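Here the structure comes first, spelled out in structure tokens, and everything after it is commentary.
The values are calculated or read from the model by the stated rules, or taken from the named source; none is laboratory data. Please read these numbers as outputs of a predicted model, since none were measured by experiment. Because the Cβ atoms are built from the backbone with ideal geometry, glycine has one as well, and the counts that use them run over all protein chains shown. With ligands, DNA and RNA removed, areas are computed over all heavy atoms of the protein, side chains included. Shrake-Rupley method; radii C 1.70, N 1.55, O 1.52, S 1.80 Å.
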Amino acid sequence: MAFGSLLALLDDISTLLDDVSVLTKVAAKKSAGVLGDDLALNAQQVTGVSAARELPVVWAVAKGSLVNKAILVPAALAISRFAPWAVTPLLMLGGLFLCYEAAEKLAHRFWPGPHAHAHAAHAATAAAADPAGEERDKVRGAVRTDFILSAEIIAITLGAVAGQDFVTQAGVMVGIALLMTVGVYGLVAGIVKLDDGGLWLAARQGAGAAPARALGRGILRVAPWLMKFLSVAGTAAMLLVGGGILVHGVSVLHHGIEHLAEGAGNRLVSALLPSLGNMVVGLAAGAVVLLLVMLWQRLRRGATPQRA
């Protein structure tokens, strides 16, 4: 009797693990787009860090990402059970934050204002005086951005397992959280140390080391351009992800962009229009939030009494 119960228990566990494995693959495919954006954003966040501190910064952000997911997974399970209506509004707030950050980066890049050089010089001086503080700020910014992207990954995963029992949902979401964190930050670590790998290969000695040296020199030439590309891609990813969240949360926008894409008459244009629409919506929303923040800051400065 006891032996039969044990076999039944093992069969149930095996079935559960099989379901978790299959659903994890499905959720991973659905969230692959966000994974690419997460990779670009996090590789961008560690640019400007000294070579000796690149891996410690990546590790610090990875730990912050695990903390984010340790908060998000139970919260998502609780919200889906007790307040499923709150998922979309919370995601849209996160999308607005990503759009705002992208708009702020673009504003500083293209419309720096009259005090931009003085501000940049002050920031550089502050970073030189307190490199640890500058590093902490980078880590905090990266962890904040990771929180929004992790929330979308968890939300996509939750949608993929919506019809399953609680244990299966929890197993898949924990599996996706760990898989995405290890995958993203492992790749980020490889990207930021690409130039060190190129230097090591370029310094190889010996008669048969010529191909390795040539490869190393090629990597050293490509690495700076790759980091610049990731910086641009990271900002674009913020607009795509944030705008995509807003578009999917507002049915009029979603159906309008779909209608434009279907009526484009060209397969390539039809494929590109949804992403372009998400980016335009993200840029517009980010610009509005940025203007409101700037107005609020100006009002606060005006309301603050000046010291004699």
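Relative contact order (percent) for segment 203-308, with alpha-carbon contacts under 8 angstrom and 6 or more residues of separation? Kindly include the intermediate steps, with their values, before the conclusion.
Working: 48 pairs, mean separation 26.4, N = 106.
For segment 203-308, the relative contact order is 25 percent.
When only alpha-carbon atoms are used, what values of Rg and Dmax, in angstrom, describe segment 168-222?
Rg then Dmax for segment 168-222, in Å: 17.8, 57.
Keeping all protein chains in position, work out how much accessible area Leu55 exposes to a 1.4 Å probe, and write it in Å² to the nearest 10.
Leu55 has an accessible surface of roughly 80 Å² with all protein chains in place.
Would you mind computing Rg(Cα) / (2.2 N^0.38 Å) for segment 132-282, counting N as its residues? Present the calculation step by step, with values, prior to reporting the outcome.
On the way: Rg = 21.2 Å, N = 151, 2.2 N^0.38 = 14.8 Å.
Here the answer is 1.43, to two decimals.
Could you compute the net charge surrounding Ala285? Neighbours are other residues with a C-beta less than 15 Å from the C-beta of Ala285; K and R count +1, D and E count -1.
Values: positive: Lys105; negative: Glu101, Glu104.
Summing Lys and Arg as +1 and Asp and Glu as -1 gives -1.
Using only alpha-carbon positions, what ratio does the radius of gyration of segment 194-308 give when scaled by 2.2 N^0.38 Å?
Details: Rg = 24.0 Å, N = 115, 2.2 N^0.38 = 13.4 Å.
That works out to 1.79 for segment 194-308.
For segment 180-196, what does the Karplus curve 6.51 cos²θ - 1.76 cosθ + 1.60, with θ = phi - 60°, yield as ³J(HN,Hα) per residue in whole Hz, taken in order and with x for Gly and Pro?
5, 5, 5, x, 5, 7, x, 5, 4, 4, x, 5, 6, 9, 4, 5, 5
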